[in-house]
Amino acid sequence: ETMAIPAMHAFGFVVPGRPAMYSDAFAEVEPGKWSCDIENVEQIRDVVVFLTQPLAVVGVGLSCYISGPPFEKYHFLGSVDNDAPSAVFRVRWPKDEGAPTAARLGLSLEPMQQILVQKANLPGTELVDFGKKVAKDLWNYLGSYEVMHQHGNFLLNLFNKWMQRFEDRCKRDPFWWVNSGD
């Protein structure tokens, strides 16, 4: 079964403040894989990728990647699929590569299992792990105080709610802590 998207305007992207670009602006580099160059990359912080119609194949999504010159190494940003047909991705370049002068957005139709593995390795996952370790250390520290012995269950429920909020926030925007004005 081929994983191609035959219809025009089946997907697209927007850099906030710029016109939307649709699938006909992309070059098909091989079956099920497309790329599109993005101009004035210095001004790009976010990229919105979207589907304009449901994917015809069940169990697949459209993975989103970005690359800088010489366009050999693509960095996974995330994905869109029938359950989540649009997403905003924060564009971050690896420190060892520096800020590129140009960018290329790559889209690839991939099985959801493969996409889930890539999502698990996004930086937000590292932040959640770090947050859990800090939270556990704090919990252990607080456990040495009498108030924890008297109100431990109540405080544990509050603590668990905070941890869930922290995890959800990291999934929505792995770099929220960099961008917050605090």
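Here are the numbers for the structure shown:
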| item | result |
| --- | --- |
| Answer residue from the range 56-73, given it is over 16 Å from residue 101 (Cβ atoms) and modelled with pLDDT under 90 and is least open to solvent (accessible area, probe 1.4 Å) among those | 57 |
| Test: residue in the range 22-44 that is modelled with pLDDT under 95, open to solvent by 80 Å² or more (accessible area, probe 1.4 Å) and in contact with a His (Cβ under 7 Å, 6 or more places away or on another chain) | yes |
| Selection count where residues are touching a Gly at 6+ places or on another chain (Cβ under 8 Å), modelled with pLDDT under 80 and either more than 12 Å from residue 76 (Cβ to Cβ) or part of a helix (DSSP H, G or I) (or both), scope the range 100-138 | 2 |
| Cβ pairs under 7 Å, 6+ apart, first in the range 145-161 and loosely packed, with under 11 Cβ neighbours inside 10 Å and acidic (Asp, Glu), second modelled with pLDDT of 75 or more and in a helix (DSSP H, G or I) | none |
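The values are calculated or read from the model by the stated rules, or taken from the named source; none is laboratory data. Bear in mind that the values here come from a model prediction, so they are computed numbers and not experimental data. When we count neighbours, we look across all protein chains shown, and the Cβ atoms used for this are built from the backbone with ideal geometry, even at glycine. Keep in mind that these areas ignore ligands, DNA and RNA; they rest on the heavy atoms of the full protein, side chains included. Shrake-Rupley method; radii C 1.70, N 1.55, O 1.52, S 1.80 Å.
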